[in-house]
Amino acid sequence: MKFLSVSKWFMVILCMSGLLLQYGCAFKDIDKRLFVSAIGIDPAENVENGYKVTLKVALPFGAIKDSPKPSFAYLSREGHSIGEAIRMLETHVDKVLELGHMKTIVVHEKLLRDDMQSFMDYFIRRGDIELIAYVAGARPSAETILKVEPDTEAPASVSLINFFGATANDSPYVVTTYLFQLRRDILTDGINPVVPLIETNETGDELIVNNAVVVDGREDPAVLSTIETKYFNSLLRHSTGFTYLVKEGDLELLLHISQTKTKFQFVPNKGNTAPRAIDMHIGMKGTIGEANKDLSISKLDEYNRLASKEVKQKVVHFLTTMQEENLDPFGFGLRYRTTQLHTEDTFTKWQQAYPDLEFKVTVDVKLQGTGTIE
């Protein structure tokens, strides 16, 4: 029988002693966790240059049939930073605040400025917050929006997620902006981020999302109207299912657009790399969903011409309005930077050229039917 050497016995004893020092399982049961479904951020009322953080916490229930509506708790705290406020909120509950399932960040519209990156940095750095979380503006406040519980909200569901996800609401008036996308556009020269604006009705039992906010350095961020939001979504995001109203004399047509494609290129000045115009081509396909007169399939080409003319006027008006406001939600400046050899004054040239650019827009609408049977 061979005996272990002294050094080997020492190693065995050391390993056995180490086992006695091992911690138990660090896993916390689900009943020891509170799952945050949304976070709201407002300007603080009692802390100078601080923030008011509101958490919408989903409360568990045994079975869906036991709870006809989802149940939530709301926690609010002010602090000099987002992280400080959330840390203090952890002392208000007897369980762990779990942010891994949080999919919506709602921000007061007054905070949607360029300096928002100072507090958005917290969400980027925190590892348990998904970068595909949705970001939206709020009016009148983020806390008010979070506390709205619509009658249409189903059990085990959050209506805020349904608005922006691709599995439920697909309205062309709803802009979807992800956390990673907002962060990227804020730090990029040549594009202004656009986030949806969530509002509520007078009775406070409905959520309304049909406007958007262009994030810029101004004190009062520019708000896109419902129609402008639709143009932005259709031209840049290629959203479908929207309508265009066409008027020509006493004829009115309501177009249902099922497909949109947009292409644009820069028209340079002679001997100068700075552009003098943007040549944009827009192709649309759809049908006539409504008309105030009888229509004939034989006049479909004429309806195409009228629709192309009307849509062109509306698109040019929207583009020039953004230009006059010195806003670039389409990212024309970013595209220009990517198509030029980078120099120190590349972006400066663009900034000087953008206010005087001409928009040469060509619209080709192809209606596939009048919506009637002759």
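The values are calculated or read from the model by the stated rules, or taken from the named source; none is laboratory data. The model shown is predicted, which means the values in this text are computed figures rather than measured ones. Note that we place each Cβ from the backbone using ideal geometry, even for glycine, and neighbour counts take in every protein chain shown. Calculation scope for accessible area: heavy atoms of the full protein, side chains included, ligands and nucleic acids excluded. Shrake-Rupley method; radii C 1.70, N 1.55, O 1.52, S 1.80 Å.
Data for the structure
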quantity	calculated
Residue in segment 349-366 that is out of contact with any Lys or Arg (no Cβ under 8 Å at 6 or more places or on another chain), among the basic types (K, R) and open to solvent by 70 Å² or more (accessible area, probe 1.4 Å) present	yes
In segment 190-222, the residues that are closer than 27 Å to Q351 by Cα and more than 14 Å from the chain's Cα centre (by Cα)	G190, I191, D216, G217, R218, E219, D220, P221, A222
Condition broken by F242, with the remaining ones in (1) in contact with a Ser or Thr (Cβ under 6 Å, 6 or more places away or on another chain); (2) at pLDDT 85 or above; (3) under 24 Å from V195 (Cβ atoms); (4) among the hydrophobic types (A, V, I, L, M, F, W, C) satisfied	(2)
Helices (runs of 4 or more DSSP H) contained entirely in segment 124-188, each with at least 3 residues that are free of Cβ contacts under 8 Å to residues at least 60 places away in the same chain and over 23 Å from G204 (Cβ atoms)	179-186
Check on E310, open to solvent by 70 Å² or more (accessible area, probe 1.4 Å) and more than 29 Å from P221 (Cβ to Cβ)	no
Enumeration of residues in segment 328-348 that are surrounded by 15 or more Cβ atoms within 10 Å (Cβ to Cβ) and either assigned to a helix (DSSP H, G or I) or in contact with an Asp or Glu (Cβ under 6 Å, 6 or more places away or on another chain) (or both)	F332, G333, L334, R335, Y336, R337, T346, F347
Some residue of segment 203-215 being open to solvent by 30 Å² or more (accessible area, probe 1.4 Å), touching a strand residue (DSSP E or B) at 6+ places or on another chain (Cβ under 9 Å) and in contact (Cβ under 8 Å) with a residue 40 or more places away in the chain	yes
Pick from segment 67-97, criterion touching a Lys or Arg at 6+ places or on another chain (Cβ under 6 Å) and either assigned to a helix (DSSP H, G or I) or modelled with pLDDT under 90 (or both), ranking: surrounded by the most Cβ atoms within 10 Å (Cβ to Cβ)	A85
Residue satisfying condition, being surrounded by 14 or more Cβ atoms within 10 Å (Cβ to Cβ), more than 18 Å from I41 (Cβ to Cβ) and either of a type outside the set (G, A, S) or modelled with pLDDT of 90 or more (or both), within set T144, T176	T176
Qualifying residue in segment 199-208 (condition: assigned to a helix (DSSP H, G or I) and not polar (S, T, N, Q))	no
Single residue of E219, E199, E228 found to be farther than 30 Å from R305 by Cβ, in contact (Cβ under 8 Å) with a residue 40 or more places away in the chain and surrounded by 15 or more Cβ atoms within 10 Å (Cβ to Cβ)	E199
Residue count, segment 257-267 (criterion: open to solvent by less than 80 Å² (accessible area, probe 1.4 Å), out of contact with any Leu (no Cβ under 8 Å at 6 or more places or on another chain) and not aliphatic (A, V, I, L, M))	4
